[in-house]
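Single-structure report; data block below.
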Amino acid sequence: MRRAVVTVVSVLLGVSVMAVPAVSAPPEAPPSQPVATGTGGAAATVDVRATEAAIDVLADGGNAVDAAVAAAAVLGVTDPYSCGIGGGGFMVVYRASDGTVHTNDHREAAPGAFEPDTFIDPATGQPIPFAEAVTSGLGVGVPGTVLGWQRMLDRFGTRSLSEMLQPAIEVARQGFVVDQTFHDQTVANRERFSQFTSTRRLFLDGSKAPRVGSVFRNPDLAETLELIARRGTRAFYEGRIADAIVAAVQDPPLRPTATYRVRPGLMETSDLESYRAPFRAPTHVGYRGLDVYGMGPPSSGGSTVGEALNVLEGFDLSAMPRADALHLYLEASALAFADRNAYLGDPDFVDVPLDGLLSDDYAAERRALIGPTATAKPVAAGNPWPYDGGTGAPRGAVGVSREGRSTTHLTVADAAGNVVSYTFTIEQTGGSGIVVPDYGFLLNNELTDFNFVPPHPNAPDGGKRPRSSMSPTIVLDGGEPVLALGSPGGSTIITTVLQMLVNRIDFGMTLPRALAAPRASQRNTSATTAEPEFVASPEAAVLTSLGHSFSSTPEIGAATAIELLPGGVFQAAAEPVRRGGGDAGVVQPAP
């Protein structure tokens, strides 16, 4: 990989809280760019203001963790339908001082009153309608983002949470110019948002979405962040913010004219007070001489990406026709997803055979199932227990993946070699649809990631964290970081990260090309979801002749990535088009 990037770098180096028209324009943001190359540190996010915040922190001597928190807080303001302090996430960090990789789990948790059958309607004995779980207090998990930021700064950062919240406070108070993506996402949620007094007041001017080019301000959120900056995480998990969260969950702020059936939730203030954001061991697999680190359970990202890579390592993808290699990519992904759906859950509640799933011997067993043509999907889960040192029974459960495709991802690296890959979310675009009155942030609907029907490793329970697909990933070569990446996209996150790794490592694409290339997502379903450009490709025609079928979707994921090139050079990359395009930056741009 290092040899390949030498060529790449040589080429590259040659208090109203509704949306209102601006009274005075906010500071003009620099134009966004999908690729940046240079030294001194780098960042890539979905928003130019967030990237700018991270670069400013790096330029001022902060490290990658400091910069990641600052950028994430800004994204909570400018990308509020995807992330924010009402949600949670997973952060993977490479620490340059000792060459170690660490992960923090600040995934949302179910309230203590939850039971395995909480999503079963007692009147019918059937799962409640999924839409009623999405837009409800019942789907809201205890938010973990604020405590996760504090824990990462305490252990790895050099700046205070108060300092790192200041850029977000400024953007929330001064406002930002509405772009087409923000407008379109508001329109898509208009009916849902209009059910709630607080959400309608913040995001809708009457019944209208903020127009493109107008300025959106959120002074309530600015004051909330200022309170957290002054008093620390306790201000969020205890006191009036916590009380307001619980009130919104238990008694959603419905308008008198609301037409939705909005189920109340079970959260208590004690659930917020007792929330913890634990550090967990990362997943690790070797691939083509590289070390690939990811997020372990309750995320299924690291295990599923890792298992698929282990399966693929038995094939020389770089030496075969592209269509044949893509056939293997799709088949390996289906096999890994079968195991993911059967075995993954919160490790504090269920025994996850992680060592078995990531075993080379188990990968060889699964690899033997791949033939020259497509296997009928869904394929059955395997039995990793003999490779895990245990005697657990194999599971035949296929499970249902209904994760929201919102979420966001950012990637940061600093001059000292510290690297952060961070994926965080409020689940569906717009989360639960419930804005906490007077505090300016949306609550998540993360508990809809549970399998509603028990028994299942991912069935609900009190204090349990729902299975996730978030896949923040860091790749090392000889103990040194060379690549960090991740994406939003619900369960397609896993295949997006896997495909980008195959594109970069096996197919030798440059990082920007590996990120921008058309995507296909096989998640153990009869048809592979794919972008139109992929469906129309010559490779797809060959794959169809091999028995694969495709269903078209406009876009998959919205990734960011950073490659650490020789000589202290960074290349940061973001989406050029997907989700309106992202932004990449470096502290000292190359000529």
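Need at least 2 residues that are under 26 Å from T429 (Cα atoms) and not polar (S, T, N, Q) per element, so show me which strands (runs of 3 or more DSSP E) inside the stretch 445-543 make the cut, counting only ones lying wholly within it. Fully inside the stretch 445-543 and qualifying: 480-486. Looking across the stretch 550-583, the residues that are charged (D, E, K, R) and either farther than 18 Å from D477 by Cβ or open to solvent by 10 Å² or more (accessible area, probe 1.4 Å) (or both) come down to E555, E575, R578, R579, D583. Selection of the stretch 46-64 for residues being among the hydrophobic types (A, V, I, L, M, F, W, C), touching a strand residue (DSSP E or B) at 6+ places or on another chain (Cβ under 6 Å) and buried (at least 24 other Cβ atoms within 10 Å of the Cβ) yields V46, A54, I55, L58, A64. It is to be established whether one or more residues within the stretch 409-428 are in a loop (DSSP other than H, G, I, E, B) and in contact with a Pro (Cβ under 6 Å, 6 or more places away or on another chain). No - not one qualifying residue is present in the stretch 409-428. So in the stretch 544-591, with the set limited to residues that are of a type in the set (G, A, S) and part of a helix (DSSP H, G or I), which one is modelled with the lowest pLDDT? Among those that are of a type in the set (G, A, S) and part of a helix (DSSP H, G or I), it is G580.
Contact annotation: residue pairs with Cβ atoms under 6 Å, 6 or more positions apart or on different chains, pairing a residue in the stretch 166-193 that is among the aromatic types (F, W, Y) with a partner that is open to solvent by less than 40 Å² (accessible area, probe 1.4 Å) and assigned to a helix (DSSP H, G or I), are F176/T78; F193/T199; F193/F203. Annotation note: Cβ proximity below 6 Å between a residue of the stretch 98-111 that is farther than 22 Å from N451 by Cβ and hydroxyl-bearing (S, T, Y) and a residue that is assigned to a loop (DSSP other than H, G, I, E, B) and open to solvent by 10 Å² or more (accessible area, probe 1.4 Å) (sequence gap 6+ or interchain) occurs for T103/P282. Please indicate, with yes or no, whether at least one residue in the stretch 159-169 is surrounded by fewer than 16 Cβ atoms within 10 Å (Cβ to Cβ) and touching a Gly at 6+ places or on another chain (Cβ under 7 Å). Taking every residue of the stretch 159-169 in turn, none turns out to be surrounded by fewer than 16 Cβ atoms within 10 Å (Cβ to Cβ) and touching a Gly at 6+ places or on another chain (Cβ under 7 Å).
Residues that are farther than 26 Å from I228 by Cβ and crowded, with 24+ Cβ neighbours inside 10 Å do occur in the stretch 73-96. Counting the residues of the stretch 233-265 that are basic (K, R) and farther than 22 Å from V146 by Cβ gives 3. Only one of the numbered conditions (1) at pLDDT 95 or above; (2) under 30 Å from D477 (Cα atoms); (3) under 26 Å from the mean Cα position of the chain (by Cα) is violated by T407, and that is (1).
The criterion of at least 3 residues that are surrounded by 24 or more Cβ atoms within 10 Å (Cβ to Cβ) is met by the following helices (runs of 4 or more DSSP H) wholly inside the stretch 241-356: 301-312, 322-343. Counting the residues of the stretch 95-109 that are among the aliphatic types (A, V, I, L, M) and within 19 Å of the chain's Cα centre (by Cα) gives 2. Residue count for the stretch 496-532 under the criterion of being among the acidic types (D, E) and touching a Pro at 6+ places or on another chain (Cβ under 9 Å): the result is 1. All conditions in (1) open to solvent by less than 60 Å² (accessible area, probe 1.4 Å); (2) outside any helix (DSSP H, G or I); (3) under 18 Å from T529 (Cα atoms) hold for G371, with the sole exception of (3).
The values are calculated or read from the model by the stated rules, or taken from the named source; none is laboratory data. Just so it is clear, the model here is predicted, and its values are computed rather than measured. Because the Cβ atoms are built from the backbone with ideal geometry, glycine has one as well, and the counts that use them run over all protein chains shown. What goes into the accessible areas is simple: the full protein's heavy atoms, side chains included, and nothing from ligands, DNA or RNA. Shrake-Rupley method; radii C 1.70, N 1.55, O 1.52, S 1.80 Å.
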